Amino acid sequence: MYEELLSPSEREYADSMKATMLRKDAVLSRALLRTTLSRYTGYKIDPRSFEFKKNKFGKPEVLWPQDDNSAEQPLHFNISHTTSLIACGIAINARIGIDIEEKKRNTTKNILSLARRYFTPSEVNYLAEISDSDAQRKEFLKLWTLKEAYVKALGMGFSGAPFSTFSIMLDTSMGIRISKASNASRSDCHLSENWLFTLAELNSSHYISVCIEDSSRSQGPEDSPAPVGLKVWKTVPFVEDTLVSGTEAVKLIA
């Protein structure tokens, strides 16, 4: 059923997956994206009718026909996967990045070794001050999802916005903050204040981070970020579509 929603190239990509679970994941993620986009147009566009393009950095985007007014405002999307969950983020007239990680995910390397390789000195120091190894691992995953959501929202790829060029600050009364790393070069000009973050737990088993552009806001360092108007749905295309925001399934962290 879901395969019928996909384009020929999407079906070909799914069929190229040798592992059954990977193939199912490829099919379901595209079906989820297409049906969700269709819902945000008020079902004016059939899920099978969407076409996509890639920006110069390779990030997929909706290809809207020039004369098409089916969507009143452009829709932006991003997808993230784990072995047990697919997250699809949709934003209206704003760039969006989303990342999801399993809370119990273990790393083969020492957390601080990984942090020194990918993170900024201030983030490494923040993690080093956490003595409990499990708590340190969880804070590392939170930072990772936030940083990845930001990079994915930018749509520049990791080469365009390396993790080491910006810091995410979690332990702050001002909410989630982002700043340029002290070792970042002048060419690392991606950073701005016009980004809103949300970090949450899903079903007590996953961390999810969402980063959304807010180009209308000029935020000064003394201002608190505005909250993200986030709605979370538990969705199986054509089977289930339940709003779970405000329930025990979604626990807001920051």
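For segment 183-229, give me each residue that is at pLDDT 85 or above and either open to solvent by 30 Å² or more (accessible area, probe 1.4 Å) or closer than 19 Å to PRO74 by Cβ (or both). Within segment 183-229, TRP195, LEU196, ASN203, SER204, SER205, VAL210, CYS211, ILE212, GLU213 meet the criteria. From the residues in segment 100-153 that are acidic (Asp, Glu) and touching a helix residue (DSSP H, G or I) at 6+ places or on another chain (Cβ under 7 Å), which one is nearest to THR82 (Cα to Cα)? Only one residue fits best here, namely GLU101. Test of understanding: among LYS56, LYS104, LYS109, which residue is on the phi < 0 side of the Ramachandran plot and either in contact (Cβ under 8 Å) with a residue 60 or more places away in the chain or assigned to a strand (DSSP E or B) (or both)? Sole residue among the options that is on the phi < 0 side of the Ramachandran plot and either in contact (Cβ under 8 Å) with a residue 60 or more places away in the chain or assigned to a strand (DSSP E or B) (or both): LYS104.
For every residue, the table says whether it meets (1) farther than 20 Å from LEU146 by Cα; (2) open to solvent by 70 Å² or more (accessible area, probe 1.4 Å); (3) assigned to a loop (DSSP other than H, G, I, E, B); (4) touching a Lys or Arg at 6+ places or on another chain (Cβ under 7 Å).
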{"position": "TYR13", "(1), (2), (3), (4)": "yes, yes, no, no"}
{"position": "SER29", "(1), (2), (3), (4)": "yes, no, no, no"}
{"position": "ARG39", "(1), (2), (3), (4)": "yes, no, no, no"}
{"position": "HIS76", "(1), (2), (3), (4)": "no, no, no, yes"}
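Selection of segment 99-110 for residues being of a type in the set (Val, Ile, Thr) and open to solvent by less than 10 Å² (accessible area, probe 1.4 Å) yields only ILE100.
The values are calculated or read from the model by the stated rules, or taken from the named source; none is laboratory data. Quick caveat: nothing in here was measured; it's all calculated off a predicted structure. Note that each Cβ is placed from the backbone with ideal geometry, even for glycine, and that neighbours are counted across all protein chains shown. We work out accessible area using only protein heavy atoms, side chains counted, and drop any ligands, DNA or RNA first. Shrake-Rupley method; radii C 1.70, N 1.55, O 1.52, S 1.80 Å.
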